[in-house]
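Q: Next up is a structure, given as structure tokens.
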Amino acid sequence: NALAARAWLNLRRKTKKSRRSRPRVGWAGAKQHLGDLGLIAPVIQQTCGQFDWVLMGMCPQDLRPFVSEFRELVPYNRYPRTLAELDLDLAVAPLLDNDFNRCKSRLKLLEYGMLGIPVVASDVVPYRDAPVRLTSDDPEEWIRTLMDALQSPELVKLEGQRLRTWVLEHHMMPNRQSDWMLGIGLD
């Protein structure tokens, strides 16, 4: 996958960090990602006092008491701007390790990365070889990885910048157009 420059290139987070007491950690996804989100439900429950959890698109009722902010899914043309408005310090990309998910793209990393948001992700095939922090399915390891990531605001900012650079260099539509043309037989 690649991101369309027109929709993503000029977006920047408008951070309000001076007004917050806890880091904003977030996830964006639709109902078909319920199982993936379930992977970190215990993490959200156990860390809701340390992080402001922000979910967009879907939030099961049993998680609502542990989430600081929830936004409904928006139309695709408003999605990039709305994701930027979440003003996340860190994003999570949980993904169950199964045949279907092993064939997925790393689109979620690209979206967060384009906004300069560092990511903690499941250690599954689509997310490997990306400049993100990978972790296992174990909730305690997720918590350790999140806590470690947020210990150094300077390092987290650098990780977000590194991810954005990676997206810009390798995953923007103009850079991938020849791959797409080959893929559909228009070489």
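The values are calculated or read from the model by the stated rules, or taken from the named source; none is laboratory data. Please read these numbers as outputs of a predicted model, since none were measured by experiment. With ideal geometry, Cβ positions are generated from the backbone for all residues, glycine too; neighbour counts draw on all protein chains shown. Accessible surface areas use protein heavy atoms only, side chains included; no ligands, DNA or RNA. Shrake-Rupley method; radii C 1.70, N 1.55, O 1.52, S 1.80 Å.
Q: Among (1) at pLDDT 95 or above; (2) of a type in the set (A, V, I, L, M); (3) closer than 30 Å to ILE184 by Cβ, there is one condition VAL25 misses while meeting the rest; what is its number?
A: With respect to (1) at pLDDT 95 or above; (2) of a type in the set (A, V, I, L, M); (3) closer than 30 Å to ILE184 by Cβ, VAL25 is out only on (3).
Q: Restricting attention to the range 140-158, report how many residues are open to solvent by less than 40 Å² (accessible area, probe 1.4 Å) and not in a loop (DSSP other than H, G, I, E, B). Write out each step before concluding.
A: Of the residues in the range 140-158, the ones open to solvent by less than 40 Å² (accessible area, probe 1.4 Å) are 142-143, 145-146, 149-150, 152, 156.
Next, from what is left, pick out any that are not in a loop (DSSP other than H, G, I, E, B): 142-143, 145-146, 149, 156.
Qualifying residue count, the range 140-158: 6.
Q: Given the residues ASP187, ASP179, which is the only one that is modelled with pLDDT under 95, assigned to a helix (DSSP H, G or I) and open to solvent by 70 Å² or more (accessible area, probe 1.4 Å)?
A: Values: ASP187 fails: assigned to a helix (DSSP H, G or I).
Going through ASP187, ASP179 in turn, just one is modelled with pLDDT under 95, assigned to a helix (DSSP H, G or I) and open to solvent by 70 Å² or more (accessible area, probe 1.4 Å): ASP179.
Q: Mind counting the residues in the range 106-136 that are outside any helix (DSSP H, G or I), touching a helix residue (DSSP H, G or I) at 6+ places or on another chain (Cβ under 6 Å) and open to solvent by 40 Å² or more (accessible area, probe 1.4 Å)?
A: The qualifying residues number 2.
Q: Further question: Looking at the structure I just gave you, is ALA91 within 20 Å of LEU110 (Cβ to Cβ), open to solvent by less than 80 Å² (accessible area, probe 1.4 Å), outside any strand (DSSP E or B) and in contact (Cβ under 8 Å) with a residue 60 or more places away in the chain?
A: On the way: within 20 Å of LEU110 (Cβ to Cβ): yes; open to solvent by less than 80 Å² (accessible area, probe 1.4 Å): yes; outside any strand (DSSP E or B): no; in contact (Cβ under 8 Å) with a residue 60 or more places away in the chain: yes.
Spelling it out, it is not the case that ALA91 is within 20 Å of LEU110 (Cβ to Cβ), open to solvent by less than 80 Å² (accessible area, probe 1.4 Å), outside any strand (DSSP E or B) and in contact (Cβ under 8 Å) with a residue 60 or more places away in the chain.
Q: Next question. Scan the range 149-173 residue by residue and report those that are modelled with pLDDT under 95 and charged (D, E, K, R).
A: GLU154, LYS157, GLU169
Q: Report the residue count in the range 20-77 for those that are within 16 Å of GLU140 (Cα to Cα), touching a Lys or Arg at 6+ places or on another chain (Cβ under 9 Å) and either surrounded by 15 or more Cβ atoms within 10 Å (Cβ to Cβ) or in contact (Cβ under 8 Å) with a residue 24 or more places away in the chain (or both).
A: Number satisfying all stated conditions: 2.
Q: Kindly indicate whether any position in the range 1-18 is open to solvent by less than 90 Å² (accessible area, probe 1.4 Å), touching a Gly at 6+ places or on another chain (Cβ under 7 Å) and closer than 22 Å to LEU95 by Cα.
A: No; the residues of the range 1-18 include none that is open to solvent by less than 90 Å² (accessible area, probe 1.4 Å), touching a Gly at 6+ places or on another chain (Cβ under 7 Å) and closer than 22 Å to LEU95 by Cα.
Q: Which condition number in (1) open to solvent by less than 30 Å² (accessible area, probe 1.4 Å); (2) in contact with a strand residue (DSSP E or B) (Cβ under 8 Å, 6 or more places away or on another chain) is the one that ALA84 fails?
A: Among (1) open to solvent by less than 30 Å² (accessible area, probe 1.4 Å); (2) in contact with a strand residue (DSSP E or B) (Cβ under 8 Å, 6 or more places away or on another chain), ALA84 violates only (2).
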